[in-house]
Amino acid sequence: MCNSHDHSHDHTHDHVSIVENIMSQNDQLAAHNRKLLDKAGVFGINIMASPGAGKTSVILKTIEALSDRYKIAVIEGDTAPVTIDADKIIAKGVPAVQINTGGNCHLDAHMTLHGMDELELDELDLLIIENVGNLVCPAGVALGTHANVVIASVPEGDDKPYKYPNIYRGIDVILLNKTDLMPYIDFKMDYFLQGLEMLNPGLESFALSAKSGEGIAAWTAWLEERIHEHQHRHHREHTHTH
Amino acid sequence: MHELAVTESILNITTRFARQENATRVTDVYLVIGDLSSIIDDSVQFYWDFITKDTVCEKSLLHFRRIPARAKCNNCGHEFQLKELMPCPQCDSARFKIIEGEEFYVDSIKITKEETTHVQ
């Protein structure tokens, strides 16, 4: 490199050790988001799934089950400026913020913070973040939420844990949606669950159908318990009616 | 795939360290990436060449050290390479811990510094 110079000045070549995680900046911001949520006594969940697994339908059912007792808001991650999902949420009387990722394949902590900025966190009990429909990219991108949720669905097939292993690791709960289609699809539950067991031993799982409503109550009971635990831990004074 | 976002993070980290060291150029960037990460090296290099234009990292080379995924069985303690998701090849237990393959960091950089002692 130096032979083109006349060495009128000296070059030194150094090998500098760094050892810094590539996601460190995102992780720091995620920790910041978490603090904001904790301070406001809000329990946050990050919902990940492939497109069409039924994220929005499950969110709507969750809102129906819990909105009489809890103040809920939703952040919608979309790759295009379409408000189809956000409109459905708002129609339920729940505030929804849409984040257009501009083609980006997942939400990150920075985009999440922008979404949170538009909400009155102090008024909320539960923040639901609907990530971009994608089984690859959202994996390992922390948003600062307290629980990471994957929604799988019966028609996607029982081999998803084997094909997209990363998304199932480090999540707290999995919902298997569209169980009403089970009679029409060759879905081997044992095979599906064994894949999950290898990736995430003891993972909490709920089989449900957003269409029929079957199994929704068990999921929302689990979620309600988490909200309570969280509020207890952060000694929240409830100022709004339940 | 989110290689662009990943590549931007690598540039942020690298530039910050280069500045701390008063580097005039970064010539090499060494990355350690576990096989469980879903990024594609060629795509990262492609974006890297593009986004480092007019930065201290321009024309630097990315070096990828890939770490194969390895697991240790919770039941029998056997360590095995995880090429695909499968139970322990020794005892068939589905409970194992991943011990390698999740690495995802900037390990080091090679930089050039120019001392300001000009020879007239």
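Computed from the coordinates by the stated procedures, all read-outs in this text should not be read as laboratory data. Just so we're clear, the structure is a prediction, and the values are computed from it rather than from any experiment. Reconstructed Cβ throughout: ideal geometry from the backbone, glycine too, with neighbour counts over all protein chains shown.
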Residues of the range A:131-143 satisfying the condition of being buried (at least 24 other Cβ atoms within 10 Å of the Cβ) and more than 11 Å from chain B (Cβ to nearest Cβ): A:ASN131, A:LEU143
Only listed residue being buried (at least 21 other Cβ atoms within 10 Å of the Cβ), within 30 Å of A:ALA218 (Cβ to Cβ) and of a type in the set (Gly, Ala, Ser), chosen from A:ALA91, A:ALA65, A:ALA96, A:ALA40: A:ALA96
So B:ARG70, is it more than 8 Å from every other protein chain (Cβ to nearest Cβ), under 16 Å from B:GLU103 (Cβ atoms), crowded, with 16+ Cβ neighbours inside 10 Å and among the basic types (Lys, Arg): yes
Per-region count, the range A:190-213, residues in contact with an Asp or Glu (Cβ under 7 Å, 6 or more places away or on another chain) and either within 14 Å of chain B (Cβ to nearest Cβ) or more than 17 Å from A:ASN46 (Cβ to Cβ) (or both): 6
In the range B:38-71, the residues that are basic (Lys, Arg), farther than 16 Å from A:ILE22 by Cβ and in contact with a strand residue (DSSP E or B) (Cβ under 7 Å, 6 or more places away or on another chain): B:ARG70
Spans of helices (runs of 4 or more DSSP H) in the range A:14-117 with at least 1 residues within 25 Å of A:LEU208 (Cβ to Cβ): A:55-66, A:84-91
